[in-house]
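Here is the structure we will look at, set down as structure tokens.
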Amino acid sequence: MPKIFSADSFQHSDNELKRDYFDRHTPVIECADCVKEGEKLFVKVRVGNAYMHPDEGDHYIAYVQLWNRETLLAETRYYPGTLGNVPGNVEVGFLVVPKVSMNLVAMSYCTKHGLWQSAPRMVKVVHENLDCKNDNQIN
Ligand SMILES: [Fe+2]
């Protein structure tokens, strides 16, 4: 079983190098808090927030996965040079149609530093006659 790093591991660290290391590997989910039953939900995953990750021949983000609890919903693969061989933040958008409310988690894999898990993201699914109150807009 691989070790899985998560966002909780660094949030309260005062060490700048540690924050950089964790931040640039940790996926972040952006999506609406609520979607109507049967509608498509756009889920954006970005790896790294304040810090960029290398894109080198032996050190790059190789894949990003989107999970709903224990179910793998979608994944995308990357190869060296996807970001032009310069540091950057991998970003990917997934369209999913949830049937029931979800607890989303994203995973990213660095070829040198292993497997990283996002903070969980709850998405409520409501009947088409009800309104969604969304506090989050995707950029
Ligand atoms: Fe890395």
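State whether one or more residues within the range 80-89 are touching a residue at least 12 places away in the same chain (Cβ under 8 Å) and away from the ligand (no atom under 16 Å from the Cβ).
Yes, because at least one residue in the range 80-89 is touching a residue at least 12 places away in the same chain (Cβ under 8 Å) and away from the ligand (no atom under 16 Å from the Cβ).
Scan the range 46-72 residue by residue and report those that are in contact with an Asp or Glu (Cβ under 7 Å, 6 or more places away or on another chain) and either within 16 Å of the ligand (Cβ to nearest atom) or touching a residue at least 60 places away in the same chain (Cβ under 8 Å) (or both).
Residues satisfying the conditions are ARG46, GLY48, ASN49, ALA50, TYR51, TYR63, VAL64.
Looking only at the range 20-43, decide whether some residue is of a type outside the set (Phe, Trp, Tyr) and part of a helix (DSSP H, G or I).
Within the range 20-43, one or more residues are of a type outside the set (Phe, Trp, Tyr) and part of a helix (DSSP H, G or I).
Quick note: the coordinates plus some simple rules give every number you see, no bench work behind them. Nothing here was measured: the structure is a model prediction, and the numbers come from that model. Reconstructed Cβ throughout: ideal geometry from the backbone, glycine too, with neighbour counts over all protein chains shown.
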